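The values are calculated or read from the model by the stated rules, or taken from the named source; none is laboratory data. From a predicted model like this one, the values you see are computed outputs, not experimental measurements. When we count neighbours, we look across all protein chains shown, and the Cβ atoms used for this are built from the backbone with ideal geometry, even at glycine. Ligands, DNA and RNA are excluded from the accessible area calculation, which covers all protein heavy atoms including side chains. Shrake-Rupley method; radii C 1.70, N 1.55, O 1.52, S 1.80 Å.
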Amino acid sequence: MGGRSKKRGGTKGTCREGASEEEGTTNALPMANVVRLMRQVLPPNVKIAESAKLLTHDCAVEFIGFVGGEASQRARVEHRRTVAPEDFTWSFRSLGFDSYVQPMQTYLRGYREYDSARGRSSRAAARSSSPSALVTEPVSPAAPVTVTDEELEFLRSIIPAPPGGY
C-alpha cells in the first residue's frame with residue numbers, strides 16, 4: 001500500500017489508499033486496535049488477510065458512524081450540543097441493536113461508580129462549574145484514545161468475555 005511504512009506503522013490520521021476525505025473514511029479508528037480485537041477472538045494459529053482487516057475496519061467505522069449519527073441526531077432534536085451516553089443506548093434500541101443496550105447500561109453504571117470513587121466524576125465537576133464551562137470544544141476524530149491499564153482491568157471486569165474467551 002502506497003504511503004505506508006512497516007517500520008513506522010503508516011500515516012496517522014490519514015485516509016486509506018483509494019479513499020478520499022470527502023468520502024469521510026478517515027482512519028479515526030486505528031487499524032491496529034481493530035486487528036488486536038480480531039486476534040483476541042480468533043484462534044492463535046489463524047492468519048488474517050489484509051483484505052479481511054480492511055473490511056472489518058471499514059465495517060467498524062461504518063457501525064460507529066451509524067450509531068453515533070443517530071445519537072447525535074437525538075441530541076440535536078433535544079437542542080443539546082453534547083451527546084450523552086444515554087443517547088447511544090437510545091440509538092442502539094431504536095436501530096434494533098437491543099442486545100447491546102443492557103451491556104452498555106451495565107458498563108456505564110460500573111464506570112460511573114468507578115469514576116466517582118476515584119473522585120473524577122464528570123457529573124460532579126459539571127455541577128460545581130459555571131454554565132459557560134460546560135461548553136466543550138469538539139474532539140478531533142483523529143485524536144487517539146488512551147486507556148490506562150487500571151481502566152482496562154476495570155472494563156474487563158464488567159464486560160463478559162466472548163463465548164470462546166479472549
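Need one value: the accessible area of residue 99 in square angstrom, 1.4 angstrom probe, rounded to the nearest 10.
90 Å²
Going from most exposed to least, what order do 112, 120 have by accessible area with a 1.4 Å probe?
Ranked from most to least accessible, the order is 120, 112.
Using the basic label-point model (7 angstrom from Cα toward the beta carbon), what is the residue 117 to residue 40 distance in nanometres?
2.0 nm
Given the whole protein assembly as supplied and a 1.4 Å probe, what does the accessible area of residue 77 come to in Å², nearest 10?
Near enough 90 Å² of accessible area.
Return one whole number: the accessible area per residue of the stretch 41-126 in Å², for a 1.4 Å probe.
Computed with neighbouring chains in place, this is 67 Å² per residue.
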